[in-house]
Amino acid sequence: MNISVSELIVRYLERLGIDHIFGMPGAHVLPIYDRLHDSGVKSVLVKHEQGAAFMAGGYARISHQPSACIATAGPGATNLLTGIANAYAERLPVLAITGETSTYIFGRGGLQESSGEGGAIDQGALFASVTRYHKLIERTDYLGQVLNQAAQALLGREPGPVLLSIPYNVQKEMVDDSVLEQIHFPRKAAVRHTASISELAELLRGARTPAIVAGYGCIQADARDIVATLSAQFNIPVTTSLKAKGVVAEGSPLSLGCLGVTSNGDAYRYLVDHADLLIFLGASFNERTSYLWDAKLLGGKKITQVDRDAAQLGRVFQPDVAICGDIRAVMEDLFATLLADAMPPKTLDRLDGHRRAAVRTTDGSDTASAQSFRLMQDFFSRLARRFPHNALVFDDNIVFAQSYFDVSDHNHYFPNSGISSLGHAIPAAIGARCFAKDSPTFAILGDGGFQMCCMEMMTAVNYGIPINVVVINNGTLSLIRKNQFQLYGERYIDCDFTNPDFGLLAQSFGVNHYRIETEAALDALFANADLTGTINLIEILLDKHAFPRYLSAR
């Protein structure tokens, strides 16, 4: 049966399992929007196309499924770019669909033309380095192959974003619907490990104080439970990267908390002073986690590394044992091997001593720093107690949560770690809540970042999507001000600003507003506010002259 290309694209979305598409219509993409009208794919009108890409990314992060965004040619597409770059950094399967001028006017200077001909911008070239696959579809005779390639990139073992740019006249052409039969949807088979487990088991048996460094790969592999079980059975402490907070419940006896330059340093001190074997599980050991690749973290220790991506093995450090494979499968086999060998649990005297020493050595500057950020510490403490299960937390700030937020093994914490773009948390949280409809959802960000994406709160209002937007109000770009304080002799420039009245702003949006200046106000917020079923703007006031103690990279 003959159908239009625009109809075929919508059916393609449905076959991919996509039920929401985030975007903004324009003349060059209206044929597709027209076919969305009667489809099972719900379109969500955003306020800015960057928000659409971030929403699609948030949806993909929580669902682990493909998501989609759509924009018109030219500025619509270029506005998507930052969000698609973030999806690329996070390996998120986001399909971006953009319009284009009709092929018969390529090179003639059509409005918003971005074909790359006749001096027009080259839309495909802009996205080339931040997509797994991109294609300007100028003809229909290879449409099946293109859609198949896109599906492989979205659903393969190492997914990432895809751009399909479709000229206006091509969208209206007719094709046989059998084109869809050319599309093969790859199944994600578990990657079994390629090395013997015996070497890893032997290192563990010989270690006195091993520690696990768990990365986001553990969450991707659904390995939370087996990592926690192995840790508890054999008394192996666990620290995590920022993205992996909650692999084991933070605050539990064997959790060392988060490892990273913006953390409280507790995990770092334990690894440096006591660990004799480090087991890296799906952790890339990037700049933040490694303290700018501090040699003391790895010095004098045996190192093992397990990752599903062979390219990660030995990329940053040389492991004594490296295993490429599915982390869950490797840990299950390791656990069975150690049980069969009757390996006794490790002694915890070093861990107990480390914790006693940490209490004794807390100095005045730490106490003063903690007092400056007491409201943030108390906010995250109450958040962890109020929502121990099923909460979604999208965090653009990360500095406070890394030290103060004990993420349970049943919550979902999403730091803005891709390309660390301001203006990410609110749209990403909206996208995630479209999938996880019953999960209490929080977007945490500074007042500078808020003003880059606050208009998307109206998207939440328009579609009745409950979220809690938590704004850290200190009237400054905190990271910039801190760097200018620490590294540039307090020569402050372009970091301070005046905020709007957030109460009046919330009123104009038609959402609830809470201003937090005291612990009593925090108590009232968590006791009385509906933080699950409504839209709330929560501002927490901080002193802009108070800085976290960590030193940023120079």
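Can you name the residue in the stretch 495-508 that is of a type in the set (A, V, I, L, M, F, W, C) and without any contact (Cβ under 8 Å) to a residue 40 or more places away in the chain and, of all such residues, is surrounded by the fewest Cβ atoms within 10 Å (Cβ to Cβ)?
Leu504
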What single numbered condition from (1) touching a residue at least 40 places away in the same chain (Cβ under 8 Å); (2) closer than 17 Å to Tyr12 by Cβ fails to hold for Gln152?
(1)
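Kindly provide the set of residues from the stretch 143-184 that are among the charged types (D, E, K, R) and under 23 Å from Ala73 (Cα atoms), ordered by number. Spell out the reasoning first.
Going through the stretch 143-184, the residues among the charged types (D, E, K, R) turn out to be 157-158, 172-173, 176-177, 181.
Answer for the stretch 143-184, where residues must be among the charged types (D, E, K, R) and under 23 Å from Ala73 (Cα atoms): Lys172, Glu173.
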(1) part of a helix (DSSP H, G or I); (2) closer than 22 Å to Met455 by Cα: which one isn't true of Cys69, the others all being true?
(1)
For Asp225: the one exception among (1) surrounded by fewer than 19 Cβ atoms within 10 Å (Cβ to Cβ); (2) modelled with pLDDT of 90 or more; (3) over 28 Å from the mean Cα position of the chain (by Cα):
(3)
Anything in the stretch 125-149 that is surrounded by 20 or more Cβ atoms within 10 Å (Cβ to Cβ), under 25 Å from the mean Cα position of the chain (by Cα) and part of a helix (DSSP H, G or I)? List them, or say none.
Phe127, Val130
Phe502 is checked against (1) under 16 Å from Leu445 (Cα atoms); (2) at pLDDT below 95 and fails just one. What number does that condition carry?
(2)
By residue number, the members of the stretch 15-66 that are in a strand (DSSP E or B), out of contact with any Leu (no Cβ under 7 Å at 6 or more places or on another chain) and more than 18 Å from Met455 (Cβ to Cβ) are His20, Lys42
Please tell me if Val46 is surrounded by 20 or more Cβ atoms within 10 Å (Cβ to Cβ) and either among the charged types (D, E, K, R) or closer than 15 Å to Ile465 by Cα (or both).
yes
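Given the stretch 424-473, what helices (runs of 4 or more DSSP H) lie entirely inside it while holding 1 or more residues that are more than 16 Å from Asn390 (Cβ to Cβ) and over 17 Å from the mean Cα position of the chain (by Cα)?
On the way: elements: 425-435, 447-453, 457-463.
The qualifying helices (runs of 4 or more DSSP H) are 447-453, 457-463.
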Looking only at the stretch 377-395, how many residues end up being buried (at least 19 other Cβ atoms within 10 Å of the Cβ) and more than 21 Å from the chain's Cα centre (by Cα)?
1
Quick check on the stretch 170-177. Is at least one of its residues in the same structural domain as Tyr88 (by TED's automatic domain parsing) and either crowded, with 20+ Cβ neighbours inside 10 Å or within 18 Å of Leu95 (Cα to Cα) (or both)?
yes
Residues being surrounded by fewer than 22 Cβ atoms within 10 Å (Cβ to Cβ) and within 18 Å of Leu180 (Cα to Cα) - total across the stretch 20-35:
1
Read through the list (1) over 30 Å from Gly109 (Cβ atoms); (2) in contact (Cβ under 8 Å) with a residue 40 or more places away in the chain, then give the number of the only condition that His28 fails.
(1)
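Do we have Gly423 as closer than 23 Å to Ile540 by Cα and touching a Leu at 6+ places or on another chain (Cβ under 6 Å) here? Quick ask: steps written out before the conclusion?
Working: closer than 23 Å to Ile540 by Cα: yes; touching a Leu at 6+ places or on another chain (Cβ under 6 Å): no.
Against the criterion (closer than 23 Å to Ile540 by Cα and touching a Leu at 6+ places or on another chain (Cβ under 6 Å)), Gly423 does not qualify.
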Could you list, in sequence order, the residues of the stretch 150-161 that are closer than 18 Å to Ser6 by Cα and touching a strand residue (DSSP E or B) at 6+ places or on another chain (Cβ under 8 Å)?
Ala150
For the stretch 247-277 the number of residues that are touching a Lys or Arg at 6+ places or on another chain (Cβ under 8 Å) and crowded, with 24+ Cβ neighbours inside 10 Å is 5
Suppose we filter Tyr492, Tyr488, Tyr463 for residues that are surrounded by fewer than 18 Cβ atoms within 10 Å (Cβ to Cβ), of a type in the set (Phe, Trp, Tyr) and farther than 24 Å from Val399 by Cβ; which single one remains?
Tyr463
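One line per residue, one yes/no per condition, for (1) outside any loop (DSSP other than H, G, I, E, B); (2) free of Cβ contacts under 8 Å to residues at least 40 places away in the same chain; (3) aliphatic (A, V, I, L, M); (4) closer than 14 Å to Val407 by Cβ:
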{"residue": "Gln171", "(1), (2), (3), (4)": "yes, no, no, no"}
{"residue": "Leu180", "(1), (2), (3), (4)": "yes, no, yes, no"}
{"residue": "Glu199", "(1), (2), (3), (4)": "yes, no, no, no"}
{"residue": "Ile212", "(1), (2), (3), (4)": "yes, no, yes, no"}
{"residue": "Asp222", "(1), (2), (3), (4)": "no, no, no, no"}
{"residue": "Ile226", "(1), (2), (3), (4)": "yes, no, yes, no"}
{"residue": "Ala249", "(1), (2), (3), (4)": "no, no, yes, yes"}
{"residue": "Leu256", "(1), (2), (3), (4)": "yes, no, yes, yes"}
{"residue": "Asn264", "(1), (2), (3), (4)": "no, no, no, no"}
Just checking, which of Glu90, Glu117, Glu113 is surrounded by fewer than 23 Cβ atoms within 10 Å (Cβ to Cβ) and touching a Ser or Thr at 6+ places or on another chain (Cβ under 8 Å)?
Glu90
Of the residues Leu477, Leu487, which single one is in the same structural domain as Met376 (by TED's automatic domain parsing), more than 29 Å from Leu45 (Cβ to Cβ) and without any contact (Cβ under 8 Å) to a residue 40 or more places away in the chain?
Leu477
Checking Leu479 against (1) among the hydrophobic types (A, V, I, L, M, F, W, C); (2) at pLDDT 95 or above; (3) under 21 Å from Ile398 (Cβ atoms), only one condition comes out false. Which one?
(2)
In this structure, is Leu505 closer than 16 Å to Gly448 by Cα, assigned to a helix (DSSP H, G or I) and in contact with a Ser or Thr (Cβ under 8 Å, 6 or more places away or on another chain)?
no
Criterion first (touching a residue at least 24 places away in the same chain (Cβ under 8 Å), part of a loop (DSSP other than H, G, I, E, B), over 32 Å from the mean Cα position of the chain (by Cα) and more than 30 Å from Ala342 (Cα to Cα)) does Glu113 satisfy it?
yes
For Ile398: the one exception among (1) surrounded by fewer than 18 Cβ atoms within 10 Å (Cβ to Cβ); (2) in contact (Cβ under 8 Å) with a residue 60 or more places away in the chain; (3) under 25 Å from Glu287 (Cβ atoms); (4) not aromatic (Phe, Trp, Tyr):
(1)
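The values are calculated or read from the model by the stated rules, or taken from the named source; none is laboratory data. Bear in mind the structure is a predicted one, so any value in this text is a computation, not a measurement. Cβ sites come from the backbone with ideal geometry, for glycine too, and all protein chains shown count toward neighbours.
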